[in-house]
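Below: one structure, written as structure tokens.
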Amino acid sequence: MRIKLLYFILIIAKIHSQNIPLYLKLLEEGKVDGVKESLIELESKYPNNPGVLYLRAILTENGNKSIEHYKDLIQRFPDSNYTPKAAMKISEYFYSRGLYTQATKVLKKIPINYPRYDNIQRATDLMFSSFNAIGESDSAKYYALLIKSMFPKVNTAEYDLSVVNNQMDNIISLNKSEIIDGPYVLQVGAFSDNNNAKRLKLQISQLGHKVIINEVKSRGKTLFAVRVGRFKSKSKADKIGIDIKRKIGTSYKVLYRPKK
């Protein structure tokens, strides 16, 4: 057995030291001891690598300690590809312990904070189940509807999310930001289909910004422009635009549009 383990370590040593996906695949195959041995060297060489921190959290057997590692990763590396995975691990832990309320608090933020996460479907399903487990079916449908509007490919066929149009309009009109009077606005998209504009409006409004849709004429066609703001300075508008692009991936441009 010891010989097999040493052989495994020699093989895994040839792997690029930060090829975390391959280590995760080895864990799925049950090669836990070998990955644990490699983790010692990884932590000594790359103590601040988010992938290494994620690997350490997975290999930590104590549940509460593991959660601390995931939270540390989320706090220190909010833009890492492993951050939404860490958030999912935390929510799965809460769910497995029957702490459904705590699970919902994490899960409902994942699509908003990490819109590029590659498993929004899993987050949506677990969130829906968590809300239902504590008897909050209305909240389950509400947040599932929001996510469906932001990510049309998410499958919600089993959720019974039928709502009338005015209810959707009320949801789309939600925003949490303070109205600021200024001459600058951000344009984050312009669509020929108003439904696409509404989806983007909803997604950005959930980040806490005031979003409107303006009809504009371009080359004889009507477009629906999604705009954020108003802002007192171009630098402030740029700052918000950079944050939106980082979180959602959409490009933007700053427009000077003083009120008449």
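Data table
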item: Among SER44, SER192, SER66: highest mean-square fluctuation, GNM of the chain, C-alpha pairs under 10 Å; result: SER44
item: ³J(HN,Hα) computed for each position of the stretch 101-115 - Karplus, 6.51 cos²θ - 1.76 cosθ + 1.60, integer Hz, glycine/proline x; result: 4, 5, 5, 4, 4, 7, 5, 5, 8, 4, x, 7, 6, 10, x
item: Cα-projected label distance for LEU39 with SER137, points at 7 Å along beta-carbon direction, nm; result: 4.2 nm
item: Whole-number Å³ per residue for the convex hull built on Cα positions in the stretch 77-118; result: 59 Å³
item: Nearest-20 debye value, the chain charge dipole, Cβ charges on Lys, Arg, Asp, Glu; result: 1360 debye
item: Lys/Arg +1, Asp/Glu -1 at C-beta; the chain dipole; positive extreme among PHE191, SER96, PHE77; result: PHE191
item: Cβ charges +1 (Lys, Arg) and -1 (Asp, Glu), total dipole of the stretch 205-254, debye; result: 160 debye
item: Helix axis angle, 63-76 relative to the chain longest principal axis, alpha carbon, degrees; result: 50 degrees
item: Rg/Rg_globular for the stretch 46-161, with Rg_globular taken as 2.2 N^0.38 Å and Rg from C-alpha atoms; result: 1.08
item: Residue-averaged 222 nm ellipticity for the chain, from DSSP H runs of 4+ at -39500 (n - 2.57), nearest 500; result: -17500 deg cm²/dmol
item: Coarse-grained scattering of the chain at q = 0.08, 0.11, 0.17 Å⁻¹, given as base-10 log I(q)/I(0) from a Debye sum over alpha-carbon atoms; result: -0.44, -0.75, -1.25
item: Probe 1.4 Å - accessible area at ARG227, Å² to nearest ten; result: 30 Å²
item: Calculated FRET efficiency for the pair ASP79/ASN214, C-beta based, R₀ 25 Å, to 0.05; result: 0.20
item: Ellipsoid semi-axes in whole angstrom, largest first, where each is sqrt(5λ) of the Cα gyration tensor of the stretch 213-260; result: 21, 16, 8
item: Size of charge dipole - the stretch 50-159 - debye, nearest 20, with Cβ of Lys, Arg +1 and Asp, Glu -1, no other charges; result: 200 debye
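The values are calculated or read from the model by the stated rules, or taken from the named source; none is laboratory data. Bear in mind the structure is a predicted one, so any value in this text is a computation, not a measurement. For neighbour counting, all protein chains shown are included, and Cβ atoms are generated from backbone atoms with ideal geometry for every residue, glycine included. Just the protein is used for accessible areas: all its heavy atoms, side chains included, with ligands, DNA and RNA removed. Shrake-Rupley method; radii C 1.70, N 1.55, O 1.52, S 1.80 Å.
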